[in-house]
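Taking it in order: structure first as structure tokens, then the write-up.
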Amino acid sequence: MAGSGRVSVAIPVRDGGATFPQMLDAVARQELDREVEVVVADSGSADGTREAAVERGVRVIDVPPAEFSHGGTRNLLMERSSGSHVAFLTADAIPASDRWLAELLAGFDDGPDVALVYGPYTPRPDSSPTVRRELEEFFRDLAPDGQPRVDRGLGPADRRPGKVTYYTDANGCIARWAWERVPYRPVTYAEDQLLALDMLDAGFAKVFRPHAAVIHSHDYPPRELFGRFFDEFRALREVYGHVEEVGPRHSLATIRRRVTGDRAFMRRQGLAGRALDRGTLHSLGYHSLRVAGAALGSRADRIPPSLRMRLSREGRASFDPV
């Protein structure tokens, strides 16, 4: 299975909260016939996150908040870890089974050119129907037959958001030999999308393992949800040049279609009456905010930096096209 020797699990974190110790404990339970080291890059946590890692014997690298970047800090974790393969998690992505790491590593057996392997997100038990449907359908569409998906090569039509280019380092693993040739770019956002593009451009392969799941989902309050969508679609513009279509008719039709899909999903889940009404209102707000965040985020180059900073969930003022 993907060779032998040590494998590393790397986690960048700041104030990981209650899920962070749960995630570390789930990593410690992994069933694997290889030595596993865990390395955490902590950016000034003040909620006990750093102490929870130290208590569990995890090696902690201190990264001053001003020096943190999604790409640069992950390069630092690669440099400071020693495994031939390095699996990345975020503080709130909890391995869904004791075979999560073994499943990720099995993806490297699909060929000597495999550089990246990733798995799906399983929604949390208390997630909203809208978020649950979005995650379940997105990852199911990556591998409708339930078998691993292997992507090799990158044609001109593939240089857009889609199945060929998608990769996540909230639940992904990198072969060290490939990273030594194609490291992360030291960017503030969308570092995983850029890494996948660069790896595919270099002639390496990417594998999706549908059974290498982590429990990972978010139900943000409205202001944070809008900011998250703004950040995501600004990143898609920066990486791919993607500009979301807008206009009253198109936007309203998009919202209506997605809400209708959510209502059908909720009915299949057994929701009715007031529960269905509450779910529908949540769906309407969610998709309205998504349309607004997508429209503005994918046009972030036209927005003054001070306003970009206020719209962003991460407080990021920049626009950094690739």
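Throughout, read-outs are computed from the coordinates displayed, never taken from laboratory work. Just so it is clear, the model here is predicted, and its values are computed rather than measured. Neighbour counts run over all protein chains shown; Cβ positions are idealised from the backbone, glycine included.
Give me the net charge of residue 195's neighbourhood, meaning all other residues with Cβ under 9 Å from the Cβ of residue 195; Lys, Arg count +1, Asp, Glu -1. With Lys, Arg at +1 and Asp, Glu at -1, the neighbours total -2.
Taking label positions 7 Å along the Cα-Cβ direction at both residue 246 and residue 307, the computed distance is 0.9 nm, reported to one decimal. For residue 113 and residue 272, a Förster radius of 56 Å and the Cβ-Cβ distance give a FRET efficiency of 0.65, rounded to the nearest 0.05.
Just checking the listed ones, 204, 20, 138: in the Gaussian network model of the chain with Cα springs under 10 Å, the one fluctuating most is 138. Principal-axis analysis of the Cα atoms of the chain puts helix 248-268 at an angle of about 70° to the longest axis.
Based on alpha-carbon centroids, what's the gap between the range 248-322 and the range 193-243 in Å, whole number please? Here the answer is 16 Å between Cα centres.
Of the residues 281, 105, 311, the one that moves most in a GNM of the chain with alpha-carbon contacts below 10 Å is 281. Counted residue by residue at 0.36 nm each, then reduced by the alpha carbon distance between them, the extension gain from residue 28 to residue 180 reaches 52.0 nm. For residue 41, enumerate residues with amide H under 5 Å from its amide H, sequence gap 5+ or separate chain, H modeled in the peptide plane. For residue 41, the qualifying residues are 11, 13, 61. Computed FRET efficiency, Cβ-Cβ of residue 257 and residue 219, R0 22 Å: what is it to the nearest 0.05? For residue 257 and residue 219, the calculated efficiency is 0.55. Of the peptides 157-169, 263-275, the order by per-residue mean of other Cβ atoms within 10 Å, starting with the highest, comes out as 157-169, 263-275. Of the residues 211, 70, 250, the one that moves most in a GNM of the chain with alpha-carbon contacts below 10 Å is 250.
Treating the angle as unsigned and between 0 and 90°, give the value, to the nearest 10°, between the Cα long axis of helix 19-28 and the longest Cα principal axis of the chain. So the helix axis and the longest Cα principal axis differ by about 40 degrees.
Give me the angle, in degrees from 0 to 90, between the Cα long axis of helix 129-142 and the longest principal axis of the Cα atoms of the chain, rounded to the nearest 10. Approximately 60 degrees, to the nearest 10.
The trypsin sites (Lys or Arg not before Pro) of the range 31-118 that meet both conditions, a loop assignment by DSSP and at most 14 other Cβ atoms within 10 Å of the site Cβ, are 56. Counting 0.36 nm for each residue step from residue 318 to residue 47 and taking away their Cα separation leaves a gain of 94.7 nm.
Only helices enter the 222 nm calculation for the chain: every DSSP H run of n ≥ 4 contributes -39,500 (n - 2.57), and dividing by all residues gives -13500 deg cm²/dmol, rounded to 500. Summarising the strand pairing of the chain, around 40 percent of its internal DSSP beta bridges are antiparallel.
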